[in-house]
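Below is one structure, written out as structure tokens, with a few remarks after it.
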Amino acid sequence: MSDYKVNTQQLVCVATFTAKAGKIAELVDALSALIADTRREHGCIRYELNLSRENADKVTFIEKFVDEAAFNRHCEKDAIQHYFHQIMPALVDSHHVETYHEVIA
């Protein structure tokens with residue numbers, strides 16, 4: 001029998017972006033610009049940008065929101081939409097966004 005629970009209320013998002021050649025500094029600048037406002041959003045618990053130790057062109061956001069509604073509101077923000085539709089195409093070679101529920105052991 002398992003001794004863990006799953007927090008199905010909160011939502012964790014892991015968003016990974018691999019920069020186009022020579023674009024990592026611009027990508028980090030663009031993503032860093034999203035941090036302060038996002039951290040002030042109602043329902044944001046965690047919003048941190050991380051540089052990969054193994055791939056100098058890769059960054060990952062680890063995000064946590066109180067629930068799916070808060071995450072969806074975040075995704076609909078003008079700044080996030082602007083990033084995905086106007087900025088990302090020029091800077092990002094590939095990306096992957098996946099959502100999770102936290103396992104509480």
For the chain, compute the number of Lys pairs whose alpha carbons are separated by less than 30 Å, excluding pairs fewer than 8 positions apart on the same chain.
9
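Calculate how large, on average over all directions, the projected area of the Cα convex hull of the chain is; give the answer in nm² to one decimal.
Its average projected convex-hull area is 7.5 nm².
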What does the accessible area per residue of the chain come to in Å², with a 1.4 Å probe and no ligands, DNA or RNA counted?
64
Please list, in order, the residues from region 31-67 whose amide nitrogen is less than 18 Å from a point placed 7 Å along the Cα→Cβ vector of Asn7.
39-49, 61-67
For region 1-58, what mean projected area does the convex hull of the alpha carbons give, in nm²?
6.1
Provide Thr18, Thr38, Thr99 ordered by accessible surface of protein heavy atoms (probe 1.4 Å), highest first.
Thr99, Thr18, Thr38
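For region 47-105, what's the relative contact order in percent, using C-alpha pairs closer than 8 Å and at least 6 residues apart?
18
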Value at 222 nm in deg cm²/dmol, rounded to 500, when DSSP H runs of n ≥ 4 in the chain each add -39,500 (n - 2.57):
-7000 deg cm²/dmol
Defining a contact as two alpha carbons under 8 Å apart and six or more residues distant in sequence, what relative contact order in percent does the chain show?
49
Once you list every other residue whose beta carbon is under 12 Å from the beta carbon of Leu51, what net charge do they have if Lys and Arg are +1 and Asp and Glu are -1?
-1
Accessible area of region 12-105 with a 1.4 Å probe: how many percent of it is carbon plus sulfur?
51
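The values are calculated or read from the model by the stated rules, or taken from the named source; none is laboratory data. Predicted, not measured: the structure shown is a model, and the values here were computed from it. Reconstructed Cβ throughout: ideal geometry from the backbone, glycine too, with neighbour counts over all protein chains shown. The area values use the complete protein model at the heavy-atom level, side chains included, leaving out ligands, DNA and RNA. Shrake-Rupley method; radii C 1.70, N 1.55, O 1.52, S 1.80 Å.
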